[in-house]
Structures are given as structure tokens and as C-alpha cells.
């Protein structure tokens, strides 16, 4: 069965949460009950489509992480890639606690869920926990086109790439009352914008650090810059996992598995495979 489709994009829908509230410390998982699974011996893991380098049609950091977590629990992995719904509440309903009306899902656990107090309060049917990465927005520039960067004024007259319907696009288009609007070039994905930067068609790209690192691989010709946009959280935002609220036994086991992977270096290795630095809260 095919996954449910939606033209909306998860990253911009998360923006209201990220810009309106800081990341929250997840509640301690105290349940002593055994984990319940949708299918015996299998861990069904929901991962987003079109979210490279974390997950894109069943491949990426989140896909590898879900597979590794299943192995730590002695289970077989079964990935459930899905397209974003109209908002994060839709995604949690479809993939964690209820399932889509077309019959796809739910999974046992969903990855890449913002660990955000507002999101937790709005979705009492789920438990959000185990932050495994801190995402931030960065500017990457061509050192040849922009030899020196001392703030957003250095972008005047430059060609700036962003992903459509994204936090980066929203921020860049709104900066300074829209003063860069005519310079912004919009692409279907951040990966495409970054490839255009490498080819010389753009002078800079605003994207997440993970997206930039996965494409640029630390190339000194394309330095990263931290730009303190007022509408973005300075420390970034944490992403973790979500399970159904009454399945805290599974949450406890997943948290323990993640901790073991972090301690052994396995988590870092998964990120490094895609050129991304592993940054935990």
C-alpha cells in the first residue's frame, strides 16, 4: 500500500513550534511494563520521506538509526516511510497512535520528532523522548563570491538559495522586512540548492547544518556561518522519538538502546556515514 500524500512539508510546519517555544527537557520514562509491538518480533519505525540526509524514501540517518535500534532490542526492523501531513499533529496521529484512514500505519515509534513542550502539550496521546540530534540553521557561502562575511549585510546583491516551504526559506524571505526577497532563489529541496551553490549558480544557501554538511563535506571553499536571525532559536532544536502514550515500556527500552549507541560511538558512526556531525543535547 502506498503512503498517504500531502503537498505540505514538515520542516516549515515545525517552525511555529521552534520559533514560539524552546526545546523542552523530555519527561523521564519510568514505566516498568514490557513494550508492546504492533507485530511480534518486529519494530515498525516511521521515517519521513523527503528529509535528506535523515530520511528520503527509506534511506538516511534516521533509517539507519531505526534499523540499529531494532537490532539492539533483538527485533527485526520494518521502516514505514511516509509523507508529511498538514501539521505535526497529523503526523503523530497517523504514524504513532491511530493510523491513517487509508490504512497506513501506525508504527511502533516515529523518528525525527521535535522535543518541544508545546508539541507535547498539544499531543497527549504520545510520549516524545530520547533527543538524539540538535538541528540548527546555518548559512553556507562561496568564499569566492563572498570573501568576507560580517553579517547579513554581506548578502546584499548576492544570489541566495533556499528550500521551498522551509524554515530557512521563511526566515530568509522575511529578513529585514523582505529586503532580500528579490535575491532569494527557491528550490524544491535544500540539497538541490546546495548543488547549485557548488556549481556556481548561487552565492550562498540558507539551510540546516545537517543538509549543508551532507553535501559540502567540509569543503573549505564553502564556509559555514552562524547568522543570528531573531526568529530562530540560537541553540537550535532537539529532535527525538515518539511512541504511543501507553507504551512507555518501549520508550524505556529505546532510550536505553540509544544511550548504548551513543556511549559506544555507534550513533556517531551513523551520522558520519552521511557526512554529518552527531550533536546531542
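The values are calculated or read from the model by the stated rules, or taken from the named source; none is laboratory data. No experiment lies behind these values; they were computed from the predicted model shown. Because the Cβ atoms are built from the backbone with ideal geometry, glycine has one as well, and the counts that use them run over all protein chains shown.
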* Out of (1) under 27 Å from residue 59 (Cα atoms); (2) out of contact with any strand residue (DSSP E or B) (no Cβ under 7 Å at 6 or more places or on another chain); (3) surrounded by fewer than 23 Cβ atoms within 10 Å (Cβ to Cβ); (4) in contact (Cβ under 8 Å) with a residue 12 or more places away in the chain, the odd one out for residue 200 is which? -> (1)
* Selection count where residues are more than 18 Å from the chain's Cα centre (by Cα) and exposed (fewer than 11 other Cβ atoms within 10 Å of the Cβ), scope segment 227-246 -> 2
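Restricting attention to helices (runs of 4 or more DSSP H) lying wholly within segment 163-281, give those where 2 or more residues are farther than 30 Å from residue 109 by Cα. Before you say what the answer is, go through the steps one by one.
Working: elements: 167-174, 190-199, 209-216, 248-264, 266-273.
Counting at least 2 such residues, we get 167-174, 190-199.
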* Kindly establish whether residue 100 is part of a loop (DSSP other than H, G, I, E, B) and touching a strand residue (DSSP E or B) at 6+ places or on another chain (Cβ under 9 Å). => yes
* Asked: Would you call residue 110 under 25 Å from residue 262 (Cα atoms) and assigned to a helix (DSSP H, G or I)?
  -> no
* **segment 49-71: number of residues that are touching a residue at least 12 places away in the same chain (Cβ under 8 Å) and within 19 Å of residue 278 (Cα to Cα)** => 15
* Within segment 171-196, how many residues are within 15 Å of residue 227 (Cα to Cα), surrounded by 18 or more Cβ atoms within 10 Å (Cβ to Cβ) and in contact (Cβ under 8 Å) with a residue 40 or more places away in the chain? -> 2
* Structure fact -> residue 78 fails exactly one of (1) assigned to a strand (DSSP E or B); (2) over 16 Å from residue 250 (Cβ atoms); (3) over 14 Å from the mean Cα position of the chain (by Cα), namely (2)
* Under 6 Å by Cβ, and 6 or more places apart or on different chains, what pairs join a residue from segment 127-151 that is at pLDDT 95 or above with one that is assigned to a strand (DSSP E or B) and surrounded by fewer than 19 Cβ atoms within 10 Å (Cβ to Cβ)? -> 138/224; 139/225; 140/224; 149/225
* Structure fact -> Given the conditions (1) out of contact with any helix residue (DSSP H, G or I) (no Cβ under 9 Å at 6 or more places or on another chain); (2) more than 16 Å from residue 158 (Cβ to Cβ); (3) at pLDDT 95 or above, every one holds for residue 281 apart from (3)
* **Counted residues, segment 111-152 - those being surrounded by fewer than 16 Cβ atoms within 10 Å (Cβ to Cβ) and under 30 Å from residue 196 (Cβ atoms)** => 7
